[in-house]
Amino acid sequence: MANALAKRFGEVVAVDDVSFTVGASEVLGLLGPNGAGKTTVVRMLTTLSSIDSGSASIAGHDVADDPDAVRRVIGLAGQSAAVDEKLSARENLELFARLYKLAKPIRRRRIADLIERFDMGEFADRPASTYSGGQRRRLDIVAALVAEPLALFLDEPTTGLDPRSRAEVWDAVRSLANEGTSILLTTQYLDEADQLADQILVIDKGRTVATGTPESLKRDVGRDVLEVSLLTDDDLQSARRLLASEEGVSIDPEDCRIDFSITGGTRQSLDVLRRLEDQAVNISDFQLRRPTLDDVFLALTGSSADEPEEISR
Amino acid sequence: MTTIQPTHRRGATRLTDAGRDIATMLWRDTIRTARQPEMLVFAVVMGVFFLVLFNYVFGGAIGAGAEVDYLQFLVPGVFVITALQGAQQSSMGLATDLAEGVTDRFRSLPMSQVAVIAGRTLADAFRNLVGLALVALLALVMGYRFDSATGAVAAILLATAVGFGFSWLGAAIAAKVRQPDMVGMLSMFWLFPLMLASTAFAPADSMPGWLQPFATYQPISVASDAVRGLCDGALDTGDLVLAVGWTVGLLAVFAPLSIRIYTETD
C-alpha cells in the first residue's frame with residue numbers, strides 16, 4: 001500500500017521512509033506521539049498532501065498518478081476531516097452521497113441504513129453544531145462510509161471522546177473490518193491499537209521505530225512481570241534476602257510486593273515461587289503480568305504516551 | 001469486495017459531473033444561507049444605510065442648485081454598491097468555509113473542486129438578488145421611480161452579475177489567506193476605492209480632473225452608469241458593454257486563479 005513514503009516541509013522532514021501494506025479486513029494501527037508524522041502519512045495517502053518521494057497505491061490505483069480513482073475508493077474521518085456544522089446528520093450524508101455520485105434510490109437506502117445501524121436517529125435531523133462530541137464523531141465516521149470505501153482512514157478517531165463513545169467507535173471499527181474494509185487507524189492511545197489493530201507500526205519523528213503484531217511487539221520489547229504479594233514485612237525481608245542475587249527484582253514495600261522481570265517464561269516463574277515456598281515465605285497473592293503496549297511505547301520512543309495535546313497539521 | 005470502476009472517463013462525463021457537483025454544493029450553500037438569515041439582513045441593512053444616509057445627509061448638498069433629484073441618481077448606485085458588499089461578504093464567508101475541517105473532506109472526495117467555490121459564489125449571488133429586491137422595495141417607498149418593470153429587473157440582474165464577478169476576486173483572496181478577519185481587512189483595499197471613487201454616489205464630472213479617468217472607467221462606475229441607464233430607460237450601450245466586459249474579465253481571471261490557489265496541495 002505505501003512504499004518508502006517521505007514528506008518534507010521546507011527543512012523539516014515530517015515523514016521519512018515509511019512503508020506498509022494493509023490487506024482486506026485488516027486494521028493497521030499507526031502509533032506514535034504527537035508530531036510523529038501520523039497525520040502527514042494519512043494526508044499523503046488520502047491525496048490531501050503531495051508525496052515528496054516514495055509511492056503509494058490503494059486498491060491498485062497510484063495515489064500520485066490517479067488521485068481521482070483513489071478518492072472513489074477511500075473514506076476519511078477523524079482530525080483530518082469533518083462535517084458541515086450547519087447541516088444535520090441526514091443532510092451531511094446526503095451531501096457526501098451526492099458528491100460520490102450515488103444514484104438517488106441507493107443514496108436514500110444507504111443513508112437510512114447508516115442512520116439506523118449507527119443509532120443516529122435521535123439526532124439525525126438537528127444541525128451538527130448542536131451535537132455532543134461523541135455524536136459528532138459518530139457522524140464524522142459514518143460520513144466516511146457513505147460510498148462503502150475499500151480503504152478507510154481514521155485519523156485519531158477517539159481523541160477527546162469519553163469512554164462510552166470510544167467503545168462505540170471501537171465496535172464500529174471492528175464490524176467494518178469484519179465486512180472486508182481495510183482500515184488505517186492512527187492513534188496515540190496504546191490500548192486502542194492493542195484492541196483494534198492486526199498490525200502496528202510505531203513511528204516517531206517521521207521514522208518507523210517498530211512494526212509487528214501487538215503480541216510480537218510486546219514479546220520483543222516488553223518482558224513478563226511476576227508480581228508476588230507477601231503477607232508481612234518479615235516475609236518481604238526474607239524474600240529479599242533469598243532473591244538478592246537475581247536480576248530484575250524490584251521491591252515495593254508499601255504494597256508489600258516483589259516484582260520479578262521474567263525472561264524464562266512459565267518455568268522461571270514457577271521456580272521463583274517454589275524457592276519462596278521452600279523457605280516458608282508467606283505468599284498472599286501472585287500474578288504474571290504481560291507487558292502492556294505502554295511499556296513497549298516507552299521503550300521504543302523514550303517518551304510516555306500521555307503528552308500534552310497539540311493540534312498537528 | 002469488488003467495485004466497478006470506470007477505467008476511462010470522457011470529457012463530457014467530467015463536465016456533467018462538474019455540473020452535478022456545482023448543483024450539489026449550491027444546494028448545500030443555500031441551506032447554509034437560509035440558516036444564517038443574519039447574512040441577508042446585514043447585506044440589506046448596508047443597502048438601507050447607503051440609501052437613507054446618502055439621500056438625507058448628502059442629498060441636500062449634492063443636489064443643491066442642480067436640476068436633478070438626487071434619489072433618482074442614487075438608487076442605481078446603491079444597487080451596485082450593495083452587490084459589491086455582497087461579494088465582500090461572500091469572500092469572508094468562503095474564508096470561514098475553507099478554514100473548516102469539512103473542506104479537507106471535500107478535497108478527499110471524487111468531486112470537481114471548482115464546485116466548492118462555485119457553489120458558494122452562486123449561492124451568494126442568489127442571496128444578493130433577494131437583498132437587492134428588498135432594497136428596491138425600500139427605494140420605492142422613499143419615492144424612487146423606475147422607468148419600467150423590465151428595466152428594474154434588468155438593472156437588478158446586472159448589479160447581481162457584477163457582484164458575482166467581484167465575488168470571484170474575493171474567492172481568490174479567501175483561497176489564499178483562509179482567515180476571515182484577514183480577508184475582511186484585505187477587502188478594504190479593493191472595496192473602498194472602487195466604491196467611493198465611482199459614479200455610484202456622484203457624477204464623475206464633479207470630481208477633480210486627475211481622478212476622472214479612473215472614476216469614469218473603473219468597473220463600479222460603468223456598472224453604476226449601466227444600471228442607472230436600465231432604471232431610467234436611457235441606457236448607453238457603451239456603458240452596458242463595459243460593465244459586462246468587466247464582469248467577464250473578472251470571471252476569466254479570478255475563477256481559474258482562485259481554483260488553482262484552492263487546489264494547491266501542501
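I'm checking my understanding of the structure. Among residues of region A:86-108 that are among the small types (Gly, Ala, Ser) and part of a helix (DSSP H, G or I), which one is surrounded by the fewest Cβ atoms within 10 Å (Cβ to Cβ)?
A:Ala97
In region A:109-130, which residues are part of a loop (DSSP other than H, G, I, E, B) and either under 17 Å from A:Pro163 (Cβ atoms) or more than 14 Å from chain B (Cβ to nearest Cβ) (or both)?
Of everything in region A:109-130, those that are part of a loop (DSSP other than H, G, I, E, B) and either under 17 Å from A:Pro163 (Cβ atoms) or more than 14 Å from chain B (Cβ to nearest Cβ) (or both) turn out to be A:Phe118, A:Asp119, A:Met120, A:Gly121, A:Glu122, A:Phe123, A:Ala124.
Go through A:Arg137, A:Arg164, A:Arg174 for me and flag whichever is within 16 Å of A:Ala82 (Cα to Cα), among the basic types (Lys, Arg), in contact (Cβ under 8 Å) with a residue 12 or more places away in the chain and outside any loop (DSSP other than H, G, I, E, B). Even if it seems obvious, please write down each step before you answer.
Values: A:Arg164 fails: within 16 Å of A:Ala82 (Cα to Cα); A:Arg174 fails: within 16 Å of A:Ala82 (Cα to Cα).
A:Arg137 is the lone residue from the list that is within 16 Å of A:Ala82 (Cα to Cα), among the basic types (Lys, Arg), in contact (Cβ under 8 Å) with a residue 12 or more places away in the chain and outside any loop (DSSP other than H, G, I, E, B).
Could you name every one of the strands (runs of 3 or more DSSP E) located completely within region A:27-79 that has at least 2 residues being more than 9 Å from every other protein chain (Cβ to nearest Cβ)?
Those strands (runs of 3 or more DSSP E) span A:27-31, A:53-58.
Are any of the residues in region B:255-263 charged (D, E, K, R) and surrounded by 16 or more Cβ atoms within 10 Å (Cβ to Cβ)?
no
Can you tell me which residues in region B:28-45 are in contact with an Asp or Glu (Cβ under 9 Å, 6 or more places away or on another chain), more than 7 Å from chain A (Cβ to nearest Cβ) and farther than 21 Å from B:Val78 by Cα?
B:Asp29, B:Thr33
Exactly one of these conditions fails for A:Val83: (1) within 27 Å of the chain's Cα centre (by Cα); (2) surrounded by fewer than 24 Cβ atoms within 10 Å (Cβ to Cβ); (3) facing chain B (nearest Cβ under 8 Å). Give me its number.
(2)
Which condition from (1) touching a Pro at 6+ places or on another chain (Cβ under 8 Å); (2) surrounded by fewer than 19 Cβ atoms within 10 Å (Cβ to Cβ); (3) among the hydroxyl-bearing types (Ser, Thr, Tyr) is the one that A:Thr181 breaks?
(2)
Within region B:83-185, which helices (runs of 4 or more DSSP H) (wholly inside it) include 3 or more residues that are out of contact with any strand residue (DSSP E or B) (no Cβ under 6 Å at 6 or more places or on another chain) and either within 14 Å of another protein chain (Cβ to nearest Cβ) or at pLDDT below 90 (or both)?
B:102-107, B:114-141
Could we say that B:Leu74 is surrounded by fewer than 15 Cβ atoms within 10 Å (Cβ to Cβ), away from every other protein chain (no Cβ under 14 Å) and over 18 Å from the mean Cα position of the chain (by Cα) here? Show your work before the answer.
Numbers: surrounded by fewer than 15 Cβ atoms within 10 Å (Cβ to Cβ): no; away from every other protein chain (no Cβ under 14 Å): yes; over 18 Å from the mean Cα position of the chain (by Cα): yes.
Spelling it out, it is not the case that B:Leu74 is surrounded by fewer than 15 Cβ atoms within 10 Å (Cβ to Cβ), away from every other protein chain (no Cβ under 14 Å) and over 18 Å from the mean Cα position of the chain (by Cα).
Kindly indicate whether any position in region A:137-150 is among the basic types (Lys, Arg), closer than 21 Å to A:Gly160 by Cα, away from every other protein chain (no Cβ under 11 Å) and crowded, with 17+ Cβ neighbours inside 10 Å.
yes
Regarding A:Ser25, is this residue surrounded by fewer than 17 Cβ atoms within 10 Å (Cβ to Cβ), farther than 23 Å from A:Leu190 by Cα and either in contact (Cβ under 8 Å) with a residue 40 or more places away in the chain or not assigned by TED's automatic domain parsing to the domain that holds A:Leu190 (or both)?
Details: surrounded by fewer than 17 Cβ atoms within 10 Å (Cβ to Cβ): yes; farther than 23 Å from A:Leu190 by Cα: no; either in contact (Cβ under 8 Å) with a residue 40 or more places away in the chain or not assigned by TED's automatic domain parsing to the domain that holds A:Leu190 (or both): yes.
So A:Ser25 fails the test.
Checking A:Asp220 against (1) touching an Asp or Glu at 6+ places or on another chain (Cβ under 9 Å); (2) surrounded by fewer than 16 Cβ atoms within 10 Å (Cβ to Cβ), only one condition comes out false. Which one?
All conditions pass for A:Asp220, except number (1).
Take the residues in region A:108-160 that are among the acidic types (Asp, Glu) and more than 19 Å from the chain's Cα centre (by Cα), then tell me which one is nearest to B:Pro110 (Cα to Cα).
A:Glu148
The values are calculated or read from the model by the stated rules, or taken from the named source; none is laboratory data. On a predicted model such as this, the values are computed, not experimentally measured, just so you know. Reconstructed Cβ throughout: ideal geometry from the backbone, glycine too, with neighbour counts over all protein chains shown.
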